[in-house]
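Peer 1: I have a structure here, written as structure tokens, and I will follow up with some questions on it.
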Amino acid sequence: MFILETIIAITVAMTTAFGGLVAEDLITRDAACTISAVPDLWSQECTSPSRLAWFVGTLAVLIAAMAVRAWMIAHNGTLYYLRLLPAESADRMRAAVDVANARSLDFRSATGWFGTDGDVVDLRRAVDHVSDELERAMNDDDDATGYVLAPNLAFPAALAVGYDTLLRERTHLAELPTEARRRRLPGGDTGVRTVYFDDGDDMWAERRWLSRRSRPDSELSMVTLDTGRPAATTAPADRTAVGRVWLSIQLDGGGAVPEVDAQHPLRATADLVVVVGPTATTDGVETLRPWALPAGRWYPGASGRQIDRRAFARVVEELSGAVEQVLDDYPEADVLLSGRMPRSVAFALGYVISQRKDDRIEGKRAAHHPTRPDDTRAERAQARAENEGLSSLSRFWTSVTPVLEHLGEATPALVHAAQRDEAVRRLTVGSAA
């Protein structure tokens with residue numbers, strides 16, 4: 001940016017100087033040399049061709065430099081680093097933050113640590129702190145610049161912060177590498193990945209939401225396993241009888257699908273296990289394969305490569321649709337949600353859930369959420385809304401509990417004010433090894 005600002009200052013001075021000389025030629029020479037007589041301006045009788053050429057050339061350079069400056073301001077803008085991790089973890093993103101910040105106009109941070117003791121991890125105060133700091137910093141920032149959010153949040157916290165964030169126009173998400181490359185020569189890849197995640201009307205506010213079942217070309221598979229019969233892939237006939245579902249979103253790959261999260265005692269308390277992720281069949285066994293961020297080419301002025309925003313938006317929409325389908329299929333169940341995915345995807349998933357939850361879903365099954373005599377008025381209204389085609393994600397925080405996976409253990413997490421404290425703590429009953 002310093003080099004660009006210097007070029008702009010020099011070209012402003014040169015454009016002003018040569019513009020003054022051209023104006024002097026027009027004023028002091030023949031009266032026929034008028035601006036309306038454009039062809040005459042190039043004649044030697046009206047003005048010096050070399051002066052006019054220098055004026056036009058420096059003006060063109062100035063306009064190009066100002067356009068590049070506006071592009072860099074909109075795309076780089078302020079870098080927001082969001083960190084909320086277990087206290088035992090190490091922040092391995094600090095070098096990457098320095099690399100990304102080198103191309104940013106400003107820097108803000110909202111960070112914290114949390115403990116992991118107890119059967120339930122309560123992150124509500126820490127999540128509120130990060131969300132409040134992010135909102136305050138964005139409110140105080142210059143609206144003319146862009147916003148680059150770099151989340152380094154534990155999975156449950158990423159969902160909650162993304163859910164509560166009010167994104168602005170010209171917003172980008174950054175996926176920071178654990179080992180950033182410091183080479184910044186033209187064509188050099190620092191390892192940072194950014195994706196355009198704008199909140200304009202053309203991106204999310206006016207999006208046409210489709211149910212997952214109406215997308216036959218889904219990139220992600222959705223496999224249902226009966227915990228009593230690990231090899232089964234069929235759901236029970238009475239879906240309202242399912243009391244607990246373990247929903248595992250796996251984008252990092254690794255291992256056979258029936259063995260996903262099998263080491264966690266909490267998973268064994270679920271009636272069903274639903275695994276979502278890209279799969280492949282190896283030696284007759286369905287296994288998970290890793291999903292890579294669809295990175296494209298490097299742009300001048302950027303800290304790293306750009307992610308294909310359409311592919312990124314598609315996978316986030318598919319993930320939100322998978323969560324929605326589980327809530328549709330098992331309306332009475334408590335859903336334990338675990339996930340392994342890029343940090344930017346987890347943050348984006350929380351945001352997309354908040355955008356999708358109040359909208360009508362095309363292709364949604366009707367009359368799939370029955371009412372019961374002991375339902376409250378609010379529960380009856382919710383069931384009627386879902387049966388009329390509205391998204392079941394409006395009860396996300398009352399039906400879904402994110403799971404924190406840390407040091408080989410899986411612990412339910414309280415991360416949002418809308419969660420029911422007693423219901424989350426009841427999930428740990430019977431999960432002891």
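Peer 1: Cβ-Cβ under 6 Å, sequence separation 6+ or interchain: first residue in region 387-403 and over 13 Å from residue 323 (Cα atoms) and surrounded by fewer than 19 Cβ atoms within 10 Å (Cβ to Cβ), partner of a type in the set (D, E, K, R) and modelled with pLDDT under 90. Which pairs?
Peer 2: Here the result reads 389/360; 389/364; 390/360, each pair linking region 387-403 to a residue that is of a type in the set (D, E, K, R) and modelled with pLDDT under 90.
Peer 1: Shifting gears a bit: Given (1) open to solvent by 30 Å² or more (accessible area, probe 1.4 Å); (2) of a type in the set (A, V, I, L, M); (3) at pLDDT 95 or above, where does residue 60 come up short, assuming only one miss?
Peer 2: (3)
Peer 1: Residues that are modelled with pLDDT under 80 and of a type in the set (Lys, Arg): does region 235-243 have at least one?
Peer 2: First, pick out the residues of region 235-243 that are modelled with pLDDT under 80: 235-240.
Keeping just the survivors that are of a type in the set (Lys, Arg) gives 239.
Yes, region 235-243 contains at least one residue that is modelled with pLDDT under 80 and of a type in the set (Lys, Arg).
Peer 1: Tally up the residues in region 8-49 that are in a helix (DSSP H, G or I), open to solvent by less than 70 Å² (accessible area, probe 1.4 Å), at pLDDT 70 or above and not aromatic (Phe, Trp, Tyr), please.
Peer 2: If we filter region 8-49 for residues that are in a helix (DSSP H, G or I), which is where we start, we get 8-28, 38-41, 49.
This time we only want the ones that are open to solvent by less than 70 Å² (accessible area, probe 1.4 Å), so: 8-9, 11-15, 17-23, 25-26, 40-41, 49.
From what is left, the residues that are at pLDDT 70 or above are 8-9, 11-15, 17-23, 49.
Applying the additional criterion that residues be not aromatic (Phe, Trp, Tyr) yields 8-9, 11-15, 17, 19-23, 49.
Number satisfying all stated conditions: 14.
Peer 1: Considering only region 353-384, state which residues are β-branched (Val, Ile, Thr) and either in contact with an Asp or Glu (Cβ under 6 Å, 6 or more places away or on another chain) or open to solvent by less than 40 Å² (accessible area, probe 1.4 Å) (or both).
Peer 2: Of everything in region 353-384, those that are β-branched (Val, Ile, Thr) and either in contact with an Asp or Glu (Cβ under 6 Å, 6 or more places away or on another chain) or open to solvent by less than 40 Å² (accessible area, probe 1.4 Å) (or both) turn out to be 353, 361.
Peer 1: Looking at residue 142, is it charged (D, E, K, R) and more than 22 Å from residue 341 (Cβ to Cβ)? Before you say what the answer is, go through the steps one by one.
Peer 2: On the way: charged (D, E, K, R): yes; more than 22 Å from residue 341 (Cβ to Cβ): yes.
Yes, satisfied.
Peer 1: Also, I was wondering about something else. Name every residue in region 213-225 that is open to solvent by less than 40 Å² (accessible area, probe 1.4 Å) and either modelled with pLDDT under 90 or not in a loop (DSSP other than H, G, I, E, B) (or both), in order of residue number.
Peer 2: Our first condition is that a residue be open to solvent by less than 40 Å² (accessible area, probe 1.4 Å); within region 213-225, this holds for 218, 220-221, 223-225.
Once the filter is applied, which keeps residues that are open to solvent by less than 40 Å² (accessible area, probe 1.4 Å) and either modelled with pLDDT under 90 or not in a loop (DSSP other than H, G, I, E, B) (or both), region 213-225 yields 218, 221, 223, 224, 225.
Peer 1: Among the candidates 316, 335, single out the residue that is in a helix (DSSP H, G or I), among the β-branched types (Val, Ile, Thr) and open to solvent by less than 30 Å² (accessible area, probe 1.4 Å). If you could, list the steps in order and put the result at the bottom.
Peer 2: Working: 335 fails: in a helix (DSSP H, G or I).
Sole residue among the options that is in a helix (DSSP H, G or I), among the β-branched types (Val, Ile, Thr) and open to solvent by less than 30 Å² (accessible area, probe 1.4 Å): 316.
Peer 1: Sticking with this one: Check residue 275 against each of (1) open to solvent by 60 Å² or more (accessible area, probe 1.4 Å); (2) farther than 23 Å from residue 150 by Cβ; (3) of a type outside the set (Lys, Arg) and name the one condition it does not meet.
Peer 2: So residue 275 meets the others, but not (1).
Peer 1: Name the residues in region 406-425 that are open to solvent by less than 60 Å² (accessible area, probe 1.4 Å) and in contact (Cβ under 8 Å) with a residue 12 or more places away in the chain, would you? Reasoning before the result, please.
Peer 2: Within region 406-425, the first condition is being open to solvent by less than 60 Å² (accessible area, probe 1.4 Å), and the residues that meet it are 406, 410-416, 418-419, 421, 423-424.
Correct list: 406, 410, 411, 412, 413, 414, 415, 416, 418, 419, 423, 424.
The values are calculated or read from the model by the stated rules, or taken from the named source; none is laboratory data. Computed from a prediction, not measured in an experiment: that's the story for all the values here. A quick note on method: Cβ atoms are made from the backbone with ideal geometry, for glycine too, and the neighbour counts reach across all protein chains shown. Heavy atoms of the whole protein, side chains included, go into the accessibility calculation; ligands, DNA and RNA do not. Shrake-Rupley method; radii C 1.70, N 1.55, O 1.52, S 1.80 Å.
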